[in-house]
Amino acid sequence: MTWAEMQPLLEQACRETLVMVGWSTLIAVVAGLPIGVLLVLTDKGGLLQNTLVNKVVGQIVNIGRSLPFIILMVALMNFTRWVTGTTIGSEAAIVPLAIGGIPFFARLVETAVREVDNGLVEAVQAMGGNTWTIVRKVLVPEALPSLIASTTTTIIALIGYSAMAGTVGGGGLGDLAVRYGYQRFETGLMWITVAVLAVVISVIQFAGDYAARSLHRRGGRSGPAPKLRLLKAKEPAAADIEKVA
């Protein structure tokens with residue numbers, strides 16, 4: 001197979017992989033972030049301590065993480081068909097990719113949020129901040145460098161999952177490698193696919209690491225303490241001071 005024949009196949013496969021990983025990552029982050037924060041808040045000693053909720057949500061997350069992705073894809077075929085109308089193609093692969101990515105990212109979020117200095121939380125509580133204020137002003141901003149790193153890890157994991165999805169008709173680079181590299185013995189195309197995946201993952205890892213380091217330098221967990229301006233007392237005006245004097 002010549003490069004002229006390979007190029008359109010690679011371009012289409014890259015687009016399909018980008019669509020699958022992009023949408024599944026977005027869904028995983030949007031759904032996994034609140035679940036991870038909830039696991040921290042409802043844990044023992046948390047701001048919303050609730051053992052029952054924590055155990056139930058934690059067990060659901062554990063079950064989602066314990067299933068190998070290929071088994072999860074097969075188990076969700078009926079649900080995937082109900083959502084997308086089909087079980088093959090890149091659109092259908094987004095459903096199991098997103099569902100598999102949510103518990104994965106949620107645990108990473110939980111780990112990142114637990115590392116936030118508890119002294120900052122106590123300071124906001126002393127200033128009258130409620131739970132939502134603490135999450136919005138302290139937990140998420142302080143954990144942001146680790147959350148960026150967690151998102152990077154999730155993207156890379158989903159790229160690997162998308163390659164597995166290709167083996168059962170999910171499209172993308174994995175499907176290309178199996179159909180042409182394995183079934184048609186186009187070894188050159190298969191190794192080019194491997195090289196493309198390696199380059200893409202390296203670029204994503206570099207970008208994620210750079211973003212996380214930049215946030216650390218700008219005042220993340222390793223930088224200066226955040227400025228808390230929740231209930232800042234009003235300073236007396238000069239005229240009021242003169243009246244008192």
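The values are calculated or read from the model by the stated rules, or taken from the named source; none is laboratory data. The structure presented is a predicted model; accordingly, all values stated were derived computationally and were not measured. No Cβ is skipped: glycine too gets one built from the backbone with ideal geometry, and neighbour counts run over all protein chains shown. Calculation scope for accessible area: heavy atoms of the full protein, side chains included, ligands and nucleic acids excluded. Shrake-Rupley method; radii C 1.70, N 1.55, O 1.52, S 1.80 Å.
For the chain, the longest stretch holding no trypsin sites (Lys or Arg not before Pro) located in a DSSP loop with at most 10 other Cβ atoms within 10 Å is which?
It runs 45-226.
Return a whole-number percent for the relative contact order of segment 65-199, with Cα pairs under 8 Å and 6 or more residues apart as the contact set.
23 percent
Please work out the average accessible area per residue across the chain, using the 1.4 Å probe convention, and give it in Å².
Result: 57 Å² of accessible area for each residue.
For residue 11 and residue 194, what is the calculated FRET efficiency with R₀ set at 22 Å and r taken between the beta-carbons, to the nearest 0.05?
The pair residue 11/residue 194 has a calculated efficiency of 0.85.
Before anything else, pin down the relative contact order of the chain: Cα pairs under 8 Å, at least 6 apart, normalised by residue count, whole percent.
Over the chain, the number comes to 24 percent.
Distance between Cα centroids, segment 1-51 to segment 83-125: provide it in whole Å.
8 Å
Amide H neighbours of residue 168 under 5 Å, counting only residues 5+ apart in sequence or on other chains, H built in-plane at 1.01 Å?
Residues meeting the amide H criterion: none.
Could you work out the helix-only [θ] at 222 nm for the chain, with each DSSP H run of four or more residues adding -39,500 (n - 2.57) and the total divided by the number of residues, to the nearest 500 deg cm²/dmol?
About -24000 deg cm²/dmol.
Within 10 Å, count the other beta carbons around each residue, average over each peptide in 199-210, 16-27, and list them highest first.
Ranked from most to least packed, the peptides come out as 16-27, 199-210.
Viscosity 0.890 mPa s, temperature 25 °C: give me the Stokes-Einstein translational D for segment 1-77 in µm²/s, with Rh taken as the Kirkwood radius over C-alpha pairs.
Translational diffusion coefficient: 157 µm²/s.
How high is the FRET efficiency from residue 125 to residue 209, r the C-beta distance, R0 45 Å, rounded to 0.05?
Once the sixth-power term is evaluated, E becomes 0.85.
For segment 125-227, what number results from the quotient of the Cα radius of gyration and 2.2 N^0.38 Å?
1.59
Expressed as a whole percentage, what fraction of the accessible surface of the chain belongs to carbon and sulfur atoms when a 1.4 Å probe is rolled over the protein heavy atoms?
64 percent
Per 5 Å bin, what is the whole-percent P(r) computed from every C-alpha pair distance within the chain?
Values per bin, smallest distances first: 1, 6, 11, 13, 14, 12, 11, 9, 7, 5, 3, 2, 2, 1, 1, 1, 0, 0, 0.
Averaging over all projection directions, find the projected area of the Cα convex hull of segment 67-194 and quote it in nm² with one decimal place.
Result: 9.9 nm².
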